[in-house]
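The values are calculated or read from the model by the stated rules, or taken from the named source; none is laboratory data. Every value quoted in this text rests on a predicted model; they were computed, and no experiment measured them. Glycine gets a Cβ as well: all are built from the backbone with ideal geometry, and neighbour counts include every protein chain shown. To get the accessible areas, we keep the full protein, side chains included, count just its heavy atoms, and leave off ligands, DNA and RNA. Shrake-Rupley method; radii C 1.70, N 1.55, O 1.52, S 1.80 Å.
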Amino acid sequence: MSNTTTAATAPADTTAKQPKAVWAVAFASVIAFMGIGLVDPILKPIGEQLNASPSQVSLLFTSYMLVTGVAMLVTGVVSSRFGAKKTLLAGLALIIVFAAAAGLSDTVGQIVGFRAGWGLGNALFIATALATIVGSATGGVARAIILYEAALGIGIATGPLVGGLLGGISWRGPFFGVSVLMAVALVAIVVLLPEGPRAAKPTSLAAPFKALRHRGLLVVSITALLYNFGFFTLLAYTPFPLDMGTYAIGFIFCGWGILLAISSVFVAPKLQARFGTLPMIALAVGLFAADLAVMALFAEHKPVLIAGVVVAGLFLGVNNTLITEAVMVSAPVERSTASAAYSFVRFAGGAAAPWLAGKLGETSISLPFWVGAACTAVGVVVLLAGRKALAHIDDHDPAPHSVEEAQALTVGD
């Protein structure tokens with residue numbers, strides 16, 4: 001990711017002239033990444049219409065995260081044994097079914113359960129989408145990953161906007177919209193994507209756990225877990241104190257997603273080159289903690305909350321890119337193994353964060369922001385305390401646009 005701007009200077013027509021199979025997978029990737037912020041604009045309407053508290057509604061994120069984190073341990077095992085296309089289609093099929101089921105639900109509990117199934121489908125999909133694009137694209141790995149990262153950025157930025165527009169019709173709209181779009185993508189992939197070869201060596205299920213024995217990887221993973229408490233306070237709780245319509249929430253989080261995408265691709269590499277990876281991770285996470293503290297101080301002032309959400313995209317984009325690169329070189333293990341271990345600790349360990357933010361918000365409007373800021377600040381302390389185990393990360397010169405780096409960036413975002 002750190003060399004995006006260099007590779008981006010390649011002729012645009014080479015990147016654009018890709019097989020139809022590549023565009024089918026890229027389209028599906030955009031829809032999959034939309035799911036990250038798609039439900040933000042409809043959190044409050046779901047709570048109001050289904051008589052649910054903020055903590056109950058926030059479980060939509062908790063179930064999704066928990067299953068995604070655990071599933072990332074096994075997606076490599078599945079894809080290495082059954083092939084990328086079958087894994088890709090299985091993931092899409094699960095998203096189609098569970099997104100539609102969520103739209104048909106009558107209780108928050110049902111939606112929470114179906115979001116868990118959605119998380120499993122998404123994990124299977126993102127574990128194989130990048131490899132599929134790289135294997136089918138023309139023009140080299142770097143150009144294929146540029147296309148993949150573009151899909152990621154578009155999905156993250158437009159997810160809240162689409163959620164707001166469809167949610168303005170009904171809170172069920174975003175769920176049905178994803179299901180329909182994914183059905184289109186599934187048909188396109190069935191028709192256009194040829195069956196690829198299976199991996200020569202099946203992935204080991206125990207490898208990610210063994211990788212966490214390395215202190216550097218463990219330090220980065222725990223840092224990300226703590227930072228997740230702040231991240232999901234922002235994502236899952238802020239719509240409640242904002243108390244605005246679905247369109248407004250959609251546009252606000254769209255602004256957040258745009259800044260996140262821009263800072264991930266363009267800002268982070270420049271800051272990394274000038275100041276180093278570890279100092280910039282610490283600074284980005286520290287600034288995010290400060291941002292949450294300001295939101296806590298002015299929790300009853302909507303303009304401050306809006307600005308806090310949008311500006312947070314800058315810090316989160318920088319952190320996600322750089323901490324991903326740190327993961328890739330933090331331990332002497334395969335990058336895919338390091339990514340799986342990191343994803344498991346970050347998402348499964350931080351799955352309680354959305355529920356906790358909603359529960360605290362039922363007591364005090366500002367308390368979730370204070371707790372999120374405190375956890376995020378502790379993440380900085382953990383990172384700096386373990387800096388000796390990560391002293392080597394700036395000595396590593398990663399290959400431009402490595403597949404593993406872009407794959408880990410997906411789960412990082």
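A few points about this structure:
- Residue within region 275-288 that is open to solvent by 10 Å² or more (accessible area, probe 1.4 Å), modelled with pLDDT under 95 and under 16 Å from the mean Cα position of the chain (by Cα) present: no
- Among residues of region 113-126 that are assigned by the TED database to the domain that holds VAL77 and surrounded by 24 or more Cβ atoms within 10 Å (Cβ to Cβ), none has a beta-carbon under 7 Å from a residue that is outside any helix (DSSP H, G or I) and among the basic types (Lys, Arg) at least six positions away or on a different chain.
- For VAL304, the criteria (1) within 26 Å of SER58 (Cβ to Cβ); (2) open to solvent by less than 40 Å² (accessible area, probe 1.4 Å) hold in every case but one, which is (2).
- Residue match in region 33-49 (condition: more than 18 Å from the chain's Cα centre (by Cα) and closer than 19 Å to LEU181 by Cβ): yes
- The listed residues are LEU89, LEU120, LEU124, and the only one of them that is farther than 30 Å from ASN51 by Cα, under 18 Å from the mean Cα position of the chain (by Cα) and either modelled with pLDDT under 90 or in a helix (DSSP H, G or I) (or both) turns out to be LEU124.
- Residue pairs whose Cβ atoms lie under 6 Å apart, separated by 6 or more positions or on different chains, with the first residue in region 225-248 and closer than 18 Å to THR324 by Cα and the second of a type in the set (Ser, Thr, Tyr) and surrounded by 24 or more Cβ atoms within 10 Å (Cβ to Cβ), are TYR227/THR376; GLY230/THR376.
- Across region 72-82, not a single residue is classified as open to solvent by 40 Å² or more (accessible area, probe 1.4 Å), at pLDDT 90 or above and within 28 Å of VAL345 (Cβ to Cβ).
- Set side by side, the residues PRO41, PRO19 differ, and just one is at pLDDT 85 or above and touching a Ser or Thr at 6+ places or on another chain (Cβ under 6 Å), which is PRO41.
- Given (1) modelled with pLDDT under 90; (2) closer than 25 Å to ILE365 by Cβ; (3) among the β-branched types (Val, Ile, Thr), number of the condition THR246 does not satisfy: (1)
- Pairs, first within 10 Å of ILE156 (Cβ to Cβ) in region 255-268, second open to solvent by 30 Å² or more (accessible area, probe 1.4 Å), C-beta under 7 Å, six or more apart: TRP256/VAL310
- Breaking point among (1) of a type in the set (Val, Ile, Thr); (2) surrounded by fewer than 23 Cβ atoms within 10 Å (Cβ to Cβ); (3) closer than 26 Å to LEU212 by Cβ, for ILE365: (3)
- For region 332-369, the set of residues classified as closer than 25 Å to MET280 by Cβ and at pLDDT 95 or above consists of PHE369 only.
- Matching helices (runs of 4 or more DSSP H) fully within region 275-385 where at least 1 residues are charged (D, E, K, R) and more than 20 Å from LEU66 (Cβ to Cβ): 277-297, 302-329, 335-343
- Yes/no for ALA183 being open to solvent by 10 Å² or more (accessible area, probe 1.4 Å), in a loop (DSSP other than H, G, I, E, B) and either of a type in the set (A, V, I, L, M, F, W, C) or modelled with pLDDT of 90 or more (or both): no
- So THR337, is it polar (S, T, N, Q), within 15 Å of the chain's Cα centre (by Cα) and assigned by the TED database to the domain that holds PHE253: no
Listed here are the residues, each with its yes/no results for (1) farther than 25 Å from LEU297 by Cβ; (2) small (Gly, Ala, Ser).
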| site | (1), (2) |
| --- | --- |
| ALA341 | yes, yes |
| TRP355 | no, no |
| LEU360 | no, no |
| TRP370 | no, no |
| CYS375 | no, no |
| ARG387 | yes, no |
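- Any helices (runs of 4 or more DSSP H) falling wholly within region 201-242 and containing at least 1 residues that are within 22 Å of PRO41 (Cβ to Cβ) and open to solvent by less than 10 Å² (accessible area, probe 1.4 Å): 215-232, 239-242
- Residues (farther than 14 Å from SER366 by Cα and in contact with a Phe, Trp or Tyr (Cβ under 8 Å, 6 or more places away or on another chain)) located in region 284-310: ALA284, VAL285, LEU287, PHE288, VAL309, VAL310
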